[in-house]
Structures are given as C-alpha cells and as structure tokens.
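Worksheet for the structure shown next.
The values are calculated or read from the model by the stated rules, or taken from the named source; none is laboratory data. Just so we're clear, the structure is a prediction, and the values are computed from it rather than from any experiment. Cβ sites come from the backbone with ideal geometry, for glycine too, and all protein chains shown count toward neighbours. The area values use the complete protein model at the heavy-atom level, side chains included, leaving out ligands, DNA and RNA. Shrake-Rupley method; radii C 1.70, N 1.55, O 1.52, S 1.80 Å.
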Amino acid sequence: MQSSTIEKNTEADISDDFPLFGKLQSYEHEQIVVCSEPDLGLKAIIAIHDTTLGPALGGVRMWPYNNEQEAIRDVLRLSRGMTYKAAISGLNLGGGKAVIIGDPRKEKNEALFRAFGRYVDSLGGRYITAEDVGIDVQNMEWVRMETKYVSGLPKAIGGSGDPSPVTAYGVYQGMKACAQKAYGSDSLEGKRIAVQGAGHVASHLCHFLNEEDAELFVCDIYEDKVNELADEVGAEVVDPDDIYGLDVDIFSPCALGGVVNDDTMEHFKCDIIAGAANNVLEEEDKHGQMLLDNNILYAPDYVINAGGLINVASELEGYVEERAHDQASKIYDTILDILDYSEENNTPTFVASNILAEKRINNVGQIHQIYTSDSQFSGHIGELYKNASL
Ligand code: NAD
C-alpha cells in the first residue's frame, strides 16, 4: 500500500465501460482470480487486495448478482474493506474476499464448494477463506476437504463456530463508544435504537441492548424472523421502508450495505449510525461528508464489525473464546480514537479510520528485511545456500 486511497477511490472512479486493470489500480488490488468450472456451475472471483500485513483473510459470499460487473464491484470493495479491517484491529492479516455468483437457496452443493476450495488451495495460503452472506458451516466443511486455507469451521471439528455473537458484541461496544462521545455517557438505557435486519448479528445485538433497557425498533423483509426477534427482546416491529425516518437516537444497519445514500440521507433523525453491515455508505466520500455535515456520528463499518474477523483470525492461532471477546472489546477504544480524530480534524469518521489503518500498514511495510539467523533465502539465492552450513 503506497498512499492514502481516500481521495482516489471514489465511486466516480468506477466507470461503466469496466476496464478491469483500471479498477484494480483504482482500489490498489494485488490480484484477482477468476474461477470457472462450467460443468459444476462454478463462477467465482477471488480478490486479494493487500498482503503487507499477512495472508489475505476474508469470507466468501454467494449471491445471485445481476451481472458479472456487479459481482466484481462487490468483491473489490469488500476485499479492500478487509485490508483496513485487519489493519485497524491490530491483526497480522491482509485483505481478501471471494464471491460465488449464484442463488444460495438453490445452487449450493458439495462439488461446487470443493471446486472452489481447490482454487483457494492453488493460491498456496495467499488467501484464506471463511463464511459470508449466503454461506453456512456445512459449505465450509466442503471447502475444507480440498484446502487447509479456510477458517470459521464448526466448533465440533476444532473451529471457532458462528462468528455472529462476537461480531454483535463488538458492534455493541462500538455503539457504546459512540454514545459516550455523543451524550457524555456510554449507557444505552432508555436510548431509542432502530435495528435494520433480524438476522444473526442483529439478534445477538438486540439481546445486549435489551439487557441494558434500550427501547428497540426492528425490521426485516421476512415477517416471521422479525416477529420472533421482537417477541424475544420486547421490540416494536416497523416496516422496512419506515426504519430510516424513525425518531430514534441510534440507527443500526445490520442487513445489507449501501443504506446511507442520496434517498435515505434526508430521512435520518438519529444522532448515531452504528451497525454490523459492510459498505454502509453508498459512496464513501460523498455520504461520509454528508453525515459529518448533518452532525450524525458514524461508526465506520469495518471497524465496528471487526468482531467476526477477530473470531476467525483467532481460530488460525488456536481458538480461545475469551481471548476473541477481549480483543473485540477493544473496538470501544478504537471507535473513540476515530471519533476524537474526526472531531479534532473536522474530517469524516471513515477518513479518520482509513488514515489510522493505512498508518499501521505503511509502518509495518517499512520494516527492513534485514538478515537474521532464521531468515530464509528464496529463489536462486535459496538454492545456492540451502546446503551451506552457515
Ligand atoms: P443474516 O443474513 O443473518 O441477516 C441479515 C438479515 O437482513 C436477514 O434476516 C435479511 O432478511 C435482512 N434483510 C435483508 N435486506 C433487508 C432490508 N432491506 N430491510 C430489512 N432487513 C433486510 O446476516 P448477518 O450474518 O446477521 O450479517 C448482517 C450484516 O453484517 C451483513 O451485511 C454482513 O456482511 C455483516 N457482517 C456480519 C458478520 C458476521 O459475523 N455474521 C461480520 C461482519 C459483518
């Protein structure tokens, strides 16, 4: 990573004529791998954004994209977000992500995921995969049959299991940090909080919020899901279209990305936006600035939702649940640092977090590769020295 990408990586860079190398340069990606097995129906793309800090770790998403451009755009944005997420969370990991084009309700099978696993394996550890939207633990077990470069496996076979509880815990901590900044107290008691989505993360989050006696409003596109969650946590169910305009203190996006956009912006009455969804800002520069101008505190998505990455990353070192929780609780301090930086420099919070993440990548990237007794020479030099007794 050479320089701040903040100014360069605007949506305006994404042109409609779709020059692939232009896109890779625009986001500063290292590599993109297109995986095709027509007989099995596999159409997947693996994007490796930056491996300065370590191997690229990021989930694989299965989604019925309308076209290939949409899939490429998604995988490029998501993989770049993983680089920043790992960096700001203090992890020695790079950023990567994969997408499989297909309908997860109809097109999942063993052969498809094993074929994907072989492509992951072919990268020799440069990319480590895990679960994302549309993927479950069973699918990861199929991937594991072909490669060891996979994380987020079931606890029963030594993995870390579902990352959602740790993600939700991190979001809860980040939300409290925002409350501390906005209200001078991190108590969420009596705060009116609108949660978009009633999925895995949202459910765990609502339980934390309910324990603190927050007043909850929830929505989902599936009525049965939202009714069940509302019953559990005593929340009021609202129509998905009405969630943006509610008179609440905090809006928590926990469904899909792009929900802070030109259409929704004028409806927000909240002081804080803090949730689990990735790529919350439809256009980083434009909508990040608008939130600052409207005095809405925004907890950058890749910072506040890093609990899931922290969880799967700890699986690589031998999973200890308590340690993953401890690490996720640090999201509170990281968010506060970002909010302080944003205030002191009158800059959007996503800019502040990008600067802090890039600082770590650039500093670590500058560590000189001086020779130490454990250093390994590679390539031609390695061949020359491999039998030498030094
Ligand atoms: P999930 O699929 O369990 O839940 C998402 C929910 O959102 C579903 O119930 C879906 O019906 C609902 N939804 C979709 N569109 C909606 C809309 N327009 N309005 C209201 N509800 C809508 O997913 P999850 O694992 O809970 O993840 C939620 C978000 O958090 C995703 O964006 C994901 O990328 C992100 N995230 C998740 C984790 C994790 O550990 N699971 C980690 C980091 C980030």
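Tell me, what % of the accessible area of region 254-329 is carbon and sulfur with a 1.4 angstrom probe? Carbon and sulfur together cover 42 percent of it.
Rolling a 1.4 Å probe across the protein heavy atoms gives region 45-184 an accessible surface of 34 Å² per residue.
Quote the relative contact order of region 41-149 in percent (integer), defining contacts as alpha-carbon pairs under 8 Å separated by 6+ residues.
36
Only lysine pairs 8 or more places apart, or on different chains, with alpha-carbon atoms under 21 angstrom apart are counted in region 164-359, and they number 9. If a/c stays under 1.5 just call it rounded; otherwise compare a/b with b/c (prolate if a/b is bigger, oblate if not). Do that for the chain, with a ≥ b ≥ c from the square roots of the Cα gyration tensor eigenvalues. Note, shape of the chain comes out prolate. In the chain, taking the dipole from charged Cβ atoms about the Cα centre, the farthest positive-side position among Pro163, Leu246, Gln180 is held by Pro163.
How high is the relative contact order of the chain, in percent, counting Cα pairs under 8 Å that sit 6 or more residues apart? Normalised by residue count, the contact order of the chain is 16 percent. Taking the longest Cα principal axis of the chain as reference, the axis of helix 68-88 is set at about 90 degrees. Between Leu20 and Glu212, the FRET efficiency estimated from the beta carbon spacing at R0 = 41 angstrom works out to 0.30.
Straight-line reach from Lys23: taking Cα to Cα under 18 Å and skipping same-chain neighbours fewer than 8 places apart, the aspartates and glutamates in range are Glu7, Glu11, Asp13, Asp50, Glu68, Glu70, Asp74, Glu282, Glu283, Glu284, Asp285. Against the chain, whose longest principal axis comes from its Cα atoms, helix 110-122 is set at around 60 degrees.
Ordering Ile272, Pro104, Val237 by Cα displacement along the dipole of the chain toward the positive end leaves Pro104 in first place; charges were set at the Cβ atoms of Lys, Arg (+1) and Asp, Glu (-1). The lysines within cross-link reach of Lys108, meaning a Cα-to-Cα straight distance under 20 Å and a gap of 8 or more places when in the same chain, are Lys43, Lys97.
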